[in-house]
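The values are calculated or read from the model by the stated rules, or taken from the named source; none is laboratory data. Source: prediction; values computed, not measured. Every residue, glycine as well, gets a Cβ built from its backbone with ideal geometry; the counts of neighbours run over all protein chains shown. Ligands, DNA and RNA are stripped out before the accessible areas are found, and what is left, the full protein with its side chains, is counted by its heavy atoms. Shrake-Rupley method; radii C 1.70, N 1.55, O 1.52, S 1.80 Å.
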Amino acid sequence: MKILIVEDEQKMSEYLCKGLTEQGCAVDLAANGVDGQHLAIEHDYDVIVLDVMLPGLDGFSVLRALRKVKETPVIMLTARDSVEDRIKGLHDGADDYLIKPFSFLELLARLQALTRRGRAQEPAQLRIGDLQIDLLSRKAFRGGLRIDLTAKEFALLAVMARRQGEILSKTAIAELVWDMNFDSNTNVVEVAIKRLRAKIDAPFEQKLLHTVRGMGYVLEPRTTADSSDD
């Protein structure tokens, strides 16, 4: 789960970041509304935790700007138990509300509920050519044969399958699969692609995972042997 926390109270944001990181989440932090709005719009998150009272831009302004371009789930935080504030936030597009102080376990449960709600709209199975991917059981089959994948290999395959036909750069893959900024001195993406290709393509005549030189990688069936795979 990739989460953005927009919170100006340093102790609170550090506490939430530590707790969520321990739960296996990837967390970005913003200490003001301007930075929070930029991150929320420019990057893709599973859910955003957004404080109401922020320097620069308040949480309501950030939420309204976000809703013009994205439907990322948002939980708003407020220190004021005001019905008017909650109504305003919900009208502006908030998905949930928490009043400070709150239980970390309650926040975690609400985050998980929101992400499950979003995934419920996603098909449980994806198909690319004769490659079938079951997102719920985390299994992949090709030509009726089960493909044995590691957790990261399956995550990489799922990311590319969800974006079938879309060229993904190494930077995009690194952020989506490893939740890290891409370091040009590492070859983690190339190694992972090579291992995945050996499993889903090497035993089969038709190749699905293609290299687009100078741009990245794409998962798609092709009718002609015009790919430049490594």
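Of note:
- Checked against the criterion of being in contact (Cβ under 8 Å) with a residue 60 or more places away in the chain and under 17 Å from the mean Cα position of the chain (by Cα), the candidates L168, L114, L135 yield just one match: L114.
- Subset of segment 118-140 that is part of a loop (DSSP other than H, G, I, E, B) and open to solvent by 70 Å² or more (accessible area, probe 1.4 Å) - its residue that is modelled with the highest pLDDT: R138
- Flag for A40 being touching a Ser or Thr at 6+ places or on another chain (Cβ under 9 Å), surrounded by 14 or more Cβ atoms within 10 Å (Cβ to Cβ) and hydrophobic (A, V, I, L, M, F, W, C): yes
- Taking the criterion of being crowded, with 16+ Cβ neighbours inside 10 Å and assigned to a loop (DSSP other than H, G, I, E, B), the residues of segment 71-117 that qualify are T72, P73, G93, A94, D95.
- Selected residue (only one of V191, V212 is farther than 20 Å from G129 by Cβ and at pLDDT 90 or above): V191
- Taken over segment 141-165, residues that are over 20 Å from W178 (Cα atoms) and either of a type in the set (S, T, N, Q) or open to solvent by less than 10 Å² (accessible area, probe 1.4 Å) (or both) amount to 1.
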